[in-house]
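The values are calculated or read from the model by the stated rules, or taken from the named source; none is laboratory data. Remember, predicted model here, so these are calculated numbers, not experimental data. We place every Cβ from the backbone using ideal geometry, glycine too, and count neighbours over all the protein chains shown. Surface areas here come from the heavy atoms of the whole protein model, side chains and all, with no ligands, DNA or RNA. Shrake-Rupley method; radii C 1.70, N 1.55, O 1.52, S 1.80 Å.
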Amino acid sequence: MMSCDYLLLLLLSVGVSAVEVQRPRGVPLSKRQFYEEDKPFTCLDGSRTIPFDRVNDDYCDCQDGSDEPGTAACPNGSFHCTNAGFRPAFIPSSRINDGICDCCDTTDEYNSGAACQNTCREMGRKERESLQKMAEIAKEGFLLKQQLIQEAKRGLEDKKAKLADVQASKKDLEERVEALRTVKETAEQPEKEAKERHLKAWEDEKALIRLEKDKARMAEVFLELDDDADGFVSVAELLSHSELDPDADGSFTEADAQGLLGGVDKVDTVAFESIWNNIKEKYISEANADTPAPVETPQEELREPDSDNDSEQYPEDGIQEEEEDDDEEDEDDDPDEIDYKTQEKKDDDDEGTMPPFDQQTQDLIDAAQKARDEFDEAERALREVDDQIKNLDKEISFDFGPSAEFAYLYNQCYELTTSEYIYRLCPFSRVSQKPKYGGSETNLGSWGKWAGPEDNIHSVMKYEHGTGCWQGPSRSTTVKLTCGKDTVVTSTSEPSRCEYLMEFTTPAVCQEPQSLDPLYHGHEEL
């Protein structure tokens, strides 16, 4: 970025009128006082003093070459080009009279015979036009900057006012949340008690159903065991069911069978009830005895065949997010409701579906659910207010420059399209790169800090911790800000691997230009 002070110095150096100051050839005006013809000359490094007539005598007497400013005698000397009408310059003494015009005023070729033309006036004119144009851009940019500062000031006041309003509303919301929490908890207590009563009644009913089923099965087993239909189950009849062997040693003896019957040889239906619990878990019905056991499929065969597409082994991000959303929804479910759903699922497998709640219980559930919904809505509103406060605090305290002139860049993005990529700069957020003809976006860095020099820290932005390069560091981007009327990304490059450089024009960095009129009434050294 070219500062206004530098512009002014350049304009001053190519001023119009001139006054010639006599001095030896090749000596700048700033060192004229060291070259007085009526006094011996002391080398500028103080190494020795020589008669003045040995200055520019084409013989190097001083180690620093200061006695030969206008000849090529000293290898370390330098020649001053006055360049009247343009900018003064220094060239190495070795270029003096070498046949090539290095000074636009041709003074370096005074004795070479080279056909040089003085181009200083024309060069000065073009440079003045260029500098004038740059100064005008800087002036317009600075005016825009002043507008940005005023807008930022109003925006800051608006944000502070909004923050105060939101903080006030937060207090009301906190009170509402606590009030609704009490209402919710008050409504959930009778709901819980009513559900527990309903569940207990259903458990009792299921216990009766299970008891009736157990009695029916016991009667069926008795009839199956009573092979001779004499109304008794004997030791001999029991021995036909080896699965009832109490010690499972592979030998079901009469003694084992008699032990199951309570030490007697046979039992009737009444006595069978007392031994039923000892055999019902092991007993295999004769009707199912001939049915072959299902063949278990090895786990290896149950596995899905490998896919040739590697991407199928890794679910897409969207799928993962849906699963996470489902988990979040489950977390929001009422614990009691989950128990009831689980209970209903079990009921479907055993004793049927749990009957619906009676109207009184359902009314309590509806009232509690309404209280939960109102509480959840208030809590969501409170979270949104907290987010607003957090974002407003961040914007209010953020470093947007000495006068907040960069605030207008917040939440904005600017693009630059090249032959291969689309670069996207979102100030104070991130920088990215995307292939022009399709492909995934690459993060070139997230906002890090202001990184300019100490005297102008807001002239450079640094974005860090981007996508990692293959076997390299994480990508990063340095954004250099330059003065301009428009806000635009002007160029991008990659000076070093994974380190990007952007040029970004904005009026926010324009400085107030000085008046140019006095420059055209000054003096130029000759």
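Given the conditions (1) surrounded by 18 or more Cβ atoms within 10 Å (Cβ to Cβ); (2) over 15 Å from the mean Cα position of the chain (by Cα), and given that P453 satisfies all but one, which numbered condition is not satisfied?
So P453 meets the others, but not (1).
Any residue at all in the range 173-180 that is at pLDDT 95 or above and within 30 Å of P356 (Cβ to Cβ)?
For the range 173-180, residues at pLDDT 95 or above and within 30 Å of P356 (Cβ to Cβ): present.
Need the failing condition index for Y437 against (1) without any contact (Cβ under 8 Å) to a residue 12 or more places away in the chain; (2) under 22 Å from the mean Cα position of the chain (by Cα); (3) in a loop (DSSP other than H, G, I, E, B), just the number.
The failed condition is (2).
Test I137 against the criterion of being at pLDDT 95 or above and either under 54 Å from the mean Cα position of the chain (by Cα) or open to solvent by less than 20 Å² (accessible area, probe 1.4 Å) (or both), and give yes or no. Show your work before the answer.
Numbers: at pLDDT 95 or above: no; either under 54 Å from the mean Cα position of the chain (by Cα) or open to solvent by less than 20 Å² (accessible area, probe 1.4 Å) (or both): yes.
In short, no.
Kindly evaluate E196 against the criterion of being open to solvent by less than 80 Å² (accessible area, probe 1.4 Å) and within 30 Å of D366 (Cβ to Cβ). Give the derivation first.
Details: open to solvent by less than 80 Å² (accessible area, probe 1.4 Å): no; within 30 Å of D366 (Cβ to Cβ): yes.
Spelling it out, it is not the case that E196 is open to solvent by less than 80 Å² (accessible area, probe 1.4 Å) and within 30 Å of D366 (Cβ to Cβ).
Out of the residues in the range 34-77 meeting the condition of being of a type in the set (V, I, T) and not in a loop (DSSP other than H, G, I, E, B), tell me which one is surrounded by the fewest Cβ atoms within 10 Å (Cβ to Cβ). Talk me through it step by step, then tell me what you get.
Residues of the range 34-77 that are of a type in the set (V, I, T), as a first pass: 42, 49-50, 55, 71.
With the extra rule that they be not in a loop (DSSP other than H, G, I, E, B), the set shrinks to 42, 49-50.
Working: T42: 15, T49: 13, I50: 16.
Out of the qualifying residues, it is T49.
Determine which member of the set E328, E337 is modelled with pLDDT of 50 or more, closer than 30 Å to L364 by Cβ and assigned to a helix (DSSP H, G or I). It would help to see each step written out before you state the result.
On the way: E328 fails: modelled with pLDDT of 50 or more.
Just a single option satisfies the conditions, and that option is E337.
Out of L416, L425, L444, which single residue is modelled with pLDDT of 95 or more, out of contact with any Lys or Arg (no Cβ under 9 Å at 6 or more places or on another chain) and part of a strand (DSSP E or B)?
Working: L416 fails: out of contact with any Lys or Arg (no Cβ under 9 Å at 6 or more places or on another chain); L444 fails: out of contact with any Lys or Arg (no Cβ under 9 Å at 6 or more places or on another chain).
Step by step, each of L416, L425, L444 is checked, and only L425 is modelled with pLDDT of 95 or more, out of contact with any Lys or Arg (no Cβ under 9 Å at 6 or more places or on another chain) and part of a strand (DSSP E or B).
Could you say whether any residue in the range 111-122 is outside any loop (DSSP other than H, G, I, E, B), within 28 Å of K31 (Cα to Cα) and touching a Cys at 6+ places or on another chain (Cβ under 6 Å)?
Residues of the range 111-122 outside any loop (DSSP other than H, G, I, E, B): 120-122.
So of that shortlist, the ones also within 28 Å of K31 (Cα to Cα) come out as 120-122.
Now restrict to residues that are touching a Cys at 6+ places or on another chain (Cβ under 6 Å): 120.
Within the range 111-122, one or more residues are outside any loop (DSSP other than H, G, I, E, B), within 28 Å of K31 (Cα to Cα) and touching a Cys at 6+ places or on another chain (Cβ under 6 Å).
Considering only residues that are of a type in the set (D, E) and either closer than 24 Å to Y408 by Cα or touching a residue at least 24 places away in the same chain (Cβ under 8 Å) (or both), which ones fall in the range 113-148? If you could, list the steps in order and put the result at the bottom.
The first filter runs over the range 113-148 and keeps only residues of a type in the set (D, E), leaving 122, 127, 129, 136, 140.
Those that are of a type in the set (D, E) and either closer than 24 Å to Y408 by Cα or touching a residue at least 24 places away in the same chain (Cβ under 8 Å) (or both): E127, E136, E140.
Pull up the range 168-187, narrow it to residues that are touching a Leu at 6+ places or on another chain (Cβ under 9 Å) and either among the polar types (S, T, N, Q) or under 30 Å from T361 (Cα atoms) (or both), then point me to the one that is surrounded by the most Cβ atoms within 10 Å (Cβ to Cβ).
Narrowing the range 168-187 to residues touching a Leu at 6+ places or on another chain (Cβ under 9 Å): 170, 173-174, 176-177, 187.
Applying the additional criterion that residues be either among the polar types (S, T, N, Q) or under 30 Å from T361 (Cα atoms) (or both) yields 176-177, 187.
On the way: R176: 17, V177: 18, A187: 20.
Filtering the range 168-187 for residues that are touching a Leu at 6+ places or on another chain (Cβ under 9 Å) and either among the polar types (S, T, N, Q) or under 30 Å from T361 (Cα atoms) (or both), the one surrounded by the most Cβ atoms within 10 Å (Cβ to Cβ) comes out as A187.
Out of (1) at pLDDT below 95; (2) surrounded by fewer than 20 Cβ atoms within 10 Å (Cβ to Cβ), what's the single condition that is false for I91?
I91 satisfies every listed condition except (1).
Could you say whether any residue in the range 108-116 is under 20 Å from R23 (Cβ atoms) and open to solvent by less than 50 Å² (accessible area, probe 1.4 Å)?
Yes, the conditions are met somewhere in the range 108-116.
Please go through the range 466-494 and pick out each residue that is surrounded by fewer than 17 Cβ atoms within 10 Å (Cβ to Cβ), assigned to a strand (DSSP E or B) and not acidic (D, E).
G468, S474, T482, V488, T490, S491, S493
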